Amino acid sequence: MTNQAEQMHPLNLWYKQPASRWEEALPIGNGRIGGMVFGGVKRERIQLNEDTLWSGFPRDTNNYEALRYLKRARELIAEKRFVQAEQLIEAKMLGTNTESYQPMGDWYVEQHFAQKNDQPEQYIRKLDIDAGIASTRFQVGQTAFMREMFVSAVDQVLCARYEAEGDELLELTASLQASVLFELSSQDSNSIVLHGRCPSHVADNYMGDHPMAVQYEQDRGITFQTKLLVKIDGGEVSVSEDNKLKIRGARTATFLLSAATSFEGFDRQPAMNEAVVSMQNNLVLEAALAHSYEELRERHVEDHRRLIQRVDIQLGQTPNALLPTDERLEAYKRGEQDPQLEALYFQYGRYLLMASSRPGTQPANLQGIWNDRVQPPWNSDYTTNINTQMNYWPAESGNLSECHEPLFQLIEELSETGARTAAIHYNSAGWVAHHNVDLWRTSTPTAGHPSWAFWPLGGVWLTQHLWEHYLYNPNEHFLKEKAYPLMKGAALFCLDWLQENEEGLLMTSPSTSPENKFLTAEGEASSVAESSAMDITLIGELFEHCITAASLLQHDEAFAERLAAARSKLPSLQIAPDGLLQEWHEHFKEHEPGHRHVSHLYGLYPGTTINQEETPELVEAGRLSLESRIKNGGGHTGWSCAWLINLYARLKEPESAYRFIHTLLARSTHPNLFDDHPPFQIDGNFGGAAGIAELLLQSHLNGIELLPALPAAWPSGYIKGIKARGGFIVDIEWRDGKLINGRILSTHGLPCSLRSKEAFAVHASDGTAIDASAPFPTSKNEWYSITTITN
């Protein structure tokens, strides 16, 4: 049985009872296949997902009438007829909604016991995020029963191991079910197959049980196969007439589950050849069967730990670390300190990114990779006006750069669909994306209200991730071949989208600030005007990134000059009479002073143009804006609260940031530590993890600042393996709120600039003292030690 030391491992989530609802189940995944493990005693449920299972198929969603109304919309805005402009956009310039991420099904394992009335004892359900393994252990009578489950990125199978130690042997019945169209079959005595088909269209979940909400068409939509086989030690296995696996009298049973789909690309109709899908499954399972369970487990754990163990964090200890996770969370809600829970939340964010986004997979969506509904909230899509981007905020600082790669592939594919949309909707060069994207890389506006549906700068924000990846990993090949062409395409769209006004300023029009509205002079609500602060900040930073990249690559000088000329004509961000940062260029009364989005503060975080060194007046306006939003109820969703953590970290207000860490965990976290929007959205997990890192290290202003915003709640601790821009991996240790030592690994041999509140000395690995009062040269793959200087 599990001993207490195993349960108390700092990277364990553990519970004394099975999950009673989906938000209590424990997530496992390899980026492509996801499972939610419930841990039931008599009936185990593993809810299944595969990342290419979406409704729909490639289709042209462009609105060929939109362009003819663009000029009139701009005229109405120039005339300050904002409501009429909004009505025109809603009626004539929007499109259709995205498709929905789908559940693959459910795998059930019924466990039968000889002593039917015996109650399980010593029950433990656990997720070891250090190993990437979910387990359940309990005792019935004189027999201990154990289960382990993991999804291997190496072998591309979900593996489950059942064991019995004692008088009883295993008596199991395993079955597969799905919420989409499916049928079952068996090919031999130890395997079953679920053949499924995704809907050709799923309407937004707001339609509820409308009869047309879920549609199927002949020869349309993605098909898939889920194959489950079992190997046993002793006993016998058979398949029943209703296609269930029956295991009798076994000492151990090892299940292997594989999944394959007909998805062949965002721009290709799903293949209808079921034999090909079946062959893919069989090849994966044949390869996995060449290994014993112990080998599969070892291969998985080695791969998993290669990523998760890059970063280690200690923020302090309290006795509450000994409690089961759900009890810890309840105690935390009551105000009891638990810094280890906060450290666990940081590592859990890294774990979830590893489990939902690996090289070659789809990116993490609104729910990562885990979804049990045919009509999930907000389609479980890629919402690119904050949520998709927030998913990847911890990718670089959390030392998981390769987990960022699926997002880059999405951006590249989106640039292809977005080029058509830019031309058709706006008569513009380059490429464009709006606020919702799906598997088919929909780049058009959705249906709905312009406040969210009409936002043509989604692609511009996405390109910031390309630039950030380069800053953390200064690889010229990546910049030249991947990042710069995509950034340039987004910049070309912006050049055409900007309109010069009578004052010679380049304005965006129509311009929204994601999902927010303002009040006109007549007191009417509208969402469209000229030049939202977010528009101008995003475009200005993109132009700057392109100019810098062109200089580094010694390429495209004429284009860089064109961008520089345009950048000089962008309007400045405006400060309102009450000292707040204006959300649009024109001063309007706020429609919802406590709105969940704080888009006008993009330049503070994740952007960089609002900073104390260059724009202190905007920093102060941003601070006042945050205070106003919070006073009026802002930050009330999980992801919005996570954004506040990062913003206050950049403002160097550690206690305010920590207050929202506590709020995120205490108010917006499910028992399995999933973020509760509500309902579940995974972005808050990722944003919260990024915020914890941002409190301990910042590197966005041409240097590395150690412990820039350390909360009093973490007086002593360390973080090891965190990444910094410029190509550095950093270890930091502190005591009594002050830095005591650290180390820096130079991964690319670039100059390093260090800052800290404490005086410090730097030495090379051979002991040579280094003058760190200015940027100092480094050698690739060399460590540099940091020690504080005491008087």
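The values are calculated or read from the model by the stated rules, or taken from the named source; none is laboratory data. In this text, all values refer to a predicted model and were calculated from it rather than measured experimentally. Virtual Cβ from ideal backbone geometry, glycine too; neighbours counted across all protein chains shown. Keep in mind that these areas ignore ligands, DNA and RNA; they rest on the heavy atoms of the full protein, side chains included. Shrake-Rupley method; radii C 1.70, N 1.55, O 1.52, S 1.80 Å.
Some notes on this structure:
- Residue match in the range 434-443 (condition: part of a helix (DSSP H, G or I) and among the basic types (Lys, Arg)): no
- Inside the range 385-395, residues that are farther than 11 Å from residue 606 by Cβ, touching a His at 6+ places or on another chain (Cβ under 7 Å) and buried (at least 24 other Cβ atoms within 10 Å of the Cβ) make up a count of 1.
- Residue pairs whose Cβ atoms lie under 6 Å apart, sitting 6 or more positions apart in sequence or on different chains, and linking a residue in the range 549-560 that is in contact (Cβ under 8 Å) with a residue 12 or more places away in the chain to a partner that is among the basic types (Lys, Arg) and surrounded by 13 or more Cβ atoms within 10 Å (Cβ to Cβ), are 553/480.
- Just one of the listed residues (467, 455) is in a loop (DSSP other than H, G, I, E, B), open to solvent by less than 50 Å² (accessible area, probe 1.4 Å) and among the aromatic types (Phe, Trp, Tyr), namely 455.
- Scanning the range 597-609 turns up at least one residue that is open to solvent by 30 Å² or more (accessible area, probe 1.4 Å), under 24 Å from residue 511 (Cβ atoms) and touching a residue at least 40 places away in the same chain (Cβ under 8 Å).
- Filter result for residue 505 (among the hydrophobic types (A, V, I, L, M, F, W, C) and in contact with a helix residue (DSSP H, G or I) (Cβ under 9 Å, 6 or more places away or on another chain)): no
- Total residues in the range 164-185 satisfying the condition of being at pLDDT 95 or above and either polar (S, T, N, Q) or not in a strand (DSSP E or B) (or both): the figure is 8.
- Within the option set 522, 544, 502, being surrounded by fewer than 20 Cβ atoms within 10 Å (Cβ to Cβ) and more than 27 Å from residue 423 (Cα to Cα) holds for one residue only, 522.
- Of all residues in the range 215-229, those that are under 14 Å from residue 278 (Cα atoms) and modelled with pLDDT of 95 or more have Cβ atoms under 7 Å from Cβ atoms of residues that are outside any strand (DSSP E or B) and among the acidic types (Asp, Glu), 6 or more apart or on another chain, in 223/274.
- Selection count where residues are open to solvent by 10 Å² or more (accessible area, probe 1.4 Å), among the acidic types (Asp, Glu) and touching a strand residue (DSSP E or B) at 6+ places or on another chain (Cβ under 8 Å), scope the range 670-713: 2
- One residue alone among 84, 4 is at pLDDT 95 or above, of a type outside the set (Lys, Arg), surrounded by fewer than 23 Cβ atoms within 10 Å (Cβ to Cβ) and on the phi < 0 side of the Ramachandran plot, and that residue is 84.
- Residue among 491, 565, 558 that alone is among the hydrophobic types (A, V, I, L, M, F, W, C), buried (at least 22 other Cβ atoms within 10 Å of the Cβ) and farther than 30 Å from residue 592 by Cβ: 491
- Count of the range 309-331 residues which are touching a helix residue (DSSP H, G or I) at 6+ places or on another chain (Cβ under 6 Å) and closer than 20 Å to residue 675 by Cβ: 4
- Flag if residue 304 is buried (at least 20 other Cβ atoms within 10 Å of the Cβ) and modelled with pLDDT of 95 or more: yes
- Any helices (runs of 4 or more DSSP H) falling wholly within the range 625-724 and containing at least 1 residues that are without any contact (Cβ under 8 Å) to a residue 12 or more places away in the chain: 654-667
- Residue check for residue 588: among the hydrophobic types (A, V, I, L, M, F, W, C), closer than 24 Å to residue 77 by Cβ and either modelled with pLDDT of 95 or more or surrounded by 22 or more Cβ atoms within 10 Å (Cβ to Cβ) (or both): yes
- Any hit, the range 714-731, residues being open to solvent by 60 Å² or more (accessible area, probe 1.4 Å), small (Gly, Ala, Ser) and closer than 20 Å to residue 649 by Cα: no
- Tally, over the range 516-552, of residues that are within 28 Å of the chain's Cα centre (by Cα), part of a loop (DSSP other than H, G, I, E, B) and among the hydrophobic types (A, V, I, L, M, F, W, C): 0
- Take the conditions (1) crowded, with 18+ Cβ neighbours inside 10 Å; (2) without any contact (Cβ under 8 Å) to a residue 24 or more places away in the chain; (3) not acidic (Asp, Glu); residue 187 misses just one of them, which is (1).
- Residue match in the range 103-120 (condition: at pLDDT below 95, touching a strand residue (DSSP E or B) at 6+ places or on another chain (Cβ under 7 Å), open to solvent by 10 Å² or more (accessible area, probe 1.4 Å) and among the charged types (D, E, K, R)): yes
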